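Inspection log for the structure reproduced underneath, given as structure tokens.
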């Protein structure tokens, strides 16, 4: 077992090599552009010879070599993430750095290694990274035009999801993939490519099942929680029994037994709601999320620019997908993924991130109102 300081040093050294390649890559492009060749010859020299060889030496050689103290799987995952995002600029590298740091020095909580403890405070950086990812994807989808220009962002999303699976944060991985696909379809309207992406995501999920033991365990518990009721299946079984015992109208406030469910105030808060207030109240909560979807979509459609439209839609998708993923996990429609229920679950990082997304939506809505006022003012002047 490698010591934590050795693993941290290895991670920092690998990031240093990746960052150093950015100016080196530009220098390599300048050298190829100065060659006494035609434009096609210079492009061939750069993209088919010099760049692939240099990237192979840097990433498969230096970077992956520095990452060996993390273990073979983690080394490959982090190296692949850095290789994918080195074409995406500073934002992509910063995103990979956060996930890489979590993979090495993160603290495990609830089965997921996605927490950092700072003194007596626990912070979940992935909650805030999801907010930043909305801006990164909106900016990318606003600029690119050609079909193949979307490929780097797709590879980036796949690598990020793989890192999150390696950290055992299955909920965040599903959330990132789902948000990317929906934003991609919104930006391009390419339903065929979106379906291909959906199929690739399904194939990745199947591959994760065979590659990671914790994914196998999660699926086995989902299929038959009663077989392991006294151990790993206890949480799902207790949640289902709590929903059933509440019936349509619930047992009443404080009349249930929420503490009999592990993580009752975070992952399983929906089961507690149904137990004490009934399934009818639970349906009302789902209806509130549906109202949020409609309101967020209207804000996005009325945005004054394509970029703001994608930002608003991304914020709406993140919150609604997160809410329905956790509700579906609680009622056993999908394997439990261990994410919070927006605006309801206990937790500082999640609540702050959701409020940030809500504030961004409010900001876009205010700009929409100002645009409407300007249009009305101009129309009034024309009539005058």
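The values are calculated or read from the model by the stated rules, or taken from the named source; none is laboratory data. What you see is a predicted model; the values in this text were computed from it and never measured. Please note: Cβ atoms are built from the backbone with ideal geometry, for glycine as well, and neighbour counts cover all protein chains shown.
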Quick check on residue 262: is it outside any helix (DSSP H, G or I) and crowded, with 16+ Cβ neighbours inside 10 Å?
no
Might you check whether a residue that is surrounded by 14 or more Cβ atoms within 10 Å (Cβ to Cβ), in contact with a helix residue (DSSP H, G or I) (Cβ under 6 Å, 6 or more places away or on another chain), assigned by TED's automatic domain parsing to the domain that holds residue 310 and in a loop (DSSP other than H, G, I, E, B) occurs anywhere in the range 273-284?
yes
Condition (residue is within 23 Å of residue 174 (Cα to Cα), in a helix (DSSP H, G or I) and modelled with pLDDT of 90 or more) applied to the range 330-346: is it met by at least one residue?
yes
Pick out the one residue from 242, 207 that is at pLDDT below 90 and in a helix (DSSP H, G or I).
207
Can you confirm whether the range 316-324 contains a residue that is surrounded by fewer than 20 Cβ atoms within 10 Å (Cβ to Cβ) and within 23 Å of residue 225 (Cα to Cα)?
yes
Taking residue 253, is it in a loop (DSSP other than H, G, I, E, B) and in the same structural domain as residue 284 (by TED's automatic domain parsing)?
yes
In the range 220-235, the residues that are part of a helix (DSSP H, G or I), under 28 Å from the mean Cα position of the chain (by Cα) and surrounded by 15 or more Cβ atoms within 10 Å (Cβ to Cβ):
220, 221, 222, 225, 234, 235
Index of the failed condition, residue 187 passing every other in (1) in contact with a helix residue (DSSP H, G or I) (Cβ under 8 Å, 6 or more places away or on another chain); (2) at pLDDT below 90; (3) over 30 Å from residue 151 (Cβ atoms)
(3)
I need the full set of residues from the range 169-184 which are modelled with pLDDT under 85 and in a helix (DSSP H, G or I), in order please.
170, 171, 172, 173
